[in-house]
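**Student:** There's a structure below that I have some questions on.
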Amino acid sequence: MDLAKFAQLREILPEDRFMLCYSGYVSESVLEAVGGTLKERLDLYLTEKKKIKVVFSIFVELMQNLIRYGSAGPKGMHIPNEEKAGFGMLMIIEDDDGAISLLSGNYVSAEEKTAMESRLERLLVSTSDELRDLMREQMRKPPELKSKGASLGLIEIARRSTRPIEAAFVPATNSQYFFSIKAYV
Amino acid sequence: MSQDFFLAATSRTPEVSIYPATHSAVMSGECYPEDSEKFFTELNRAVADYFAQGASSLNFEIKLVYFNSSSARALMELMDSLEQRSTEGAKIEVRWFHDEDDDVTKEFVEDIAADYSNLDIVLIPTLDS
């Protein structure tokens, strides 16, 4: 990373709004550390208790998704310790209209992309009643079918998000895709 | 007299107390354990021990400010086990406190309660945090 590139970051990241970014390996201890910081900052920045809680709950589900489904990383790097971890990026940022966007991204294989697309299909187009039904259906699935269908975490994110969630796959190196998902509060 | 059960809160798990003398239990705080299987195994064992000591009724207060999706499934499984005990004759009432404006939690509790025919779950829309 040279200084010029680093300076470019400033151009895309607003300087005077609520923002929290993380990039790298995510493990449960990272979740706890970043989550602690996030909570403190949200308490200072937001007055609405409900909004703080919703931001935090979406954050936890996004981070746990990265831990579970994050691949070994863009270059197939090995996970540095024995703790379960995944590679990913997370950004929590206040938009122009005051809404908070939560974005996370991680690398997936072509097969994972295909499987995820069909799971996401229902989540992206569902109404809140449909999401409630989907949650109920997924909760009651027998253990052998639990891995089929959208994860409870993704359904939870879609239910808590105040606008429909968005998702995208962008081709990356090593025949992987960069999967990103966005929720709003 | 059976022993009280007490599990101290951590930054990611709630405080849990079970009092055989008053047939009551309380779970309060936040619940997004690093290892949810471990936490809920301990909790389920404590509930099983409580009934194994001869108790036939329980008033269970759940005051969770926040729980994540994997805890939601484990909580449902705990409620399933209480429904089973109710079917077998135990008198159990669950009082589930939630924030008034927390629809997702309210609907979650309503949806699991709808599947039970014996377990009494009362939703209470007030929660101090």
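**Student:** Is there any pair with a first residue in segment A:40-59 that is without any contact (Cβ under 8 Å) to a residue 40 or more places away in the chain and a second that is among the basic types (Lys, Arg) whose Cβ atoms are under 7 Å apart and which are 6 or more apart or on different chains, and what are they?
**Tutor:** Final answer for the pair search is A:Phe56/A:Lys39.
**Student:** Name the single residue, out of those in segment A:21-63 being among the polar types (S, T, N, Q) and outside any helix (DSSP H, G or I), that is nearest to A:Ser161 (Cα to Cα).
**Tutor:** Checking each candidate, the answer is A:Thr47.
**Student:** Here's a follow-up. Can you tell which of A:Gly86, A:Gly73, A:Gly98 is at pLDDT below 95 and either more than 20 Å from A:Ile181 (Cα to Cα) or in contact with a Gly (Cβ under 8 Å, 6 or more places away or on another chain) (or both)?
**Tutor:** That would be A:Gly86, the only listed residue that is at pLDDT below 95 and either more than 20 Å from A:Ile181 (Cα to Cα) or in contact with a Gly (Cβ under 8 Å, 6 or more places away or on another chain) (or both).
**Student:** Away from every other protein chain (no Cβ under 14 Å) and small (Gly, Ala, Ser), is that true of B:Ala21?
**Tutor:** Criteria met by B:Ala21.
**Student:** Name the single residue that is farthest from the other protein chains (Cβ to nearest Cβ) among those in segment B:38-47 being touching a residue at least 24 places away in the same chain (Cβ under 8 Å) and surrounded by fewer than 17 Cβ atoms within 10 Å (Cβ to Cβ).
**Tutor:** Selected residue: B:Ala46.
**Student:** In segment B:71-129, which residues are within 14 Å of chain A (Cβ to nearest Cβ), closer than 22 Å to A:Arg140 by Cα and β-branched (Val, Ile, Thr)?
**Tutor:** Result: B:Val104, B:Thr105, B:Val109, B:Ile112.
**Student:** Among the numbered criteria (1) within 26 Å of A:Lys51 (Cα to Cα); (2) modelled with pLDDT under 95; (3) among the acidic types (Asp, Glu), which one does A:Glu166 miss?
**Tutor:** Looking at each condition in turn, A:Glu166 falls short on (2).
**Student:** Residues of segment A:139-153 being facing chain B (nearest Cβ under 9 Å) and either at pLDDT 95 or above or in a helix (DSSP H, G or I) (or both), which ones?
**Tutor:** Correct list: A:Met139, A:Leu152, A:Gly153.
**Student:** Further question: Please go through segment A:87-107 and pick out each residue that is surrounded by fewer than 20 Cβ atoms within 10 Å (Cβ to Cβ) and either assigned to a strand (DSSP E or B) or among the hydroxyl-bearing types (Ser, Thr, Tyr) (or both).
**Tutor:** A:Met89, A:Met91, A:Ile93, A:Glu94, A:Ser101, A:Leu103
**Student:** Hey, can you tell me all the residues within segment A:23-63 that are more than 16 Å from A:Lys84 (Cα to Cα), aromatic (Phe, Trp, Tyr) and away from chain B (no Cβ under 11 Å)?
**Tutor:** A:Tyr45 - this is the single residue of segment A:23-63 that is more than 16 Å from A:Lys84 (Cα to Cα), aromatic (Phe, Trp, Tyr) and away from chain B (no Cβ under 11 Å).
**Student:** If the Cβ limit is 7 Å and pairs must be 6+ apart or interchain, which residue in segment B:75-88 that is over 18 Å from B:Thr105 (Cβ atoms) pairs with which residue that is modelled with pLDDT of 95 or more and of a type in the set (Ser, Thr, Tyr)?
**Tutor:** B:Glu83/B:Tyr116
**Student:** Can you confirm whether segment A:116-133 contains a residue that is more than 30 Å from B:Glu110 (Cβ to Cβ) and either at pLDDT 90 or above or assigned to a loop (DSSP other than H, G, I, E, B) (or both)?
**Tutor:** Yes; the residues of segment A:116-133 include at least one that is more than 30 Å from B:Glu110 (Cβ to Cβ) and either at pLDDT 90 or above or assigned to a loop (DSSP other than H, G, I, E, B) (or both).
**Student:** For B:Glu100, are the conditions met, namely being within 20 Å of B:Thr10 (Cα to Cα), more than 12 Å from the chain's Cα centre (by Cα) and of a type outside the set (Ser, Thr, Tyr)?
**Tutor:** It is false that B:Glu100 is within 20 Å of B:Thr10 (Cα to Cα), more than 12 Å from the chain's Cα centre (by Cα) and of a type outside the set (Ser, Thr, Tyr).
**Student:** Are any residues in segment B:57-67 surrounded by 22 or more Cβ atoms within 10 Å (Cβ to Cβ) and within 14 Å of chain A (Cβ to nearest Cβ), and if so, which ones?
**Tutor:** B:Phe67
The values are calculated or read from the model by the stated rules, or taken from the named source; none is laboratory data. Not measured: the values here are computed from a predicted model. All Cβ positions, glycine included, derive from the backbone under ideal geometry; neighbour counts span all protein chains shown.
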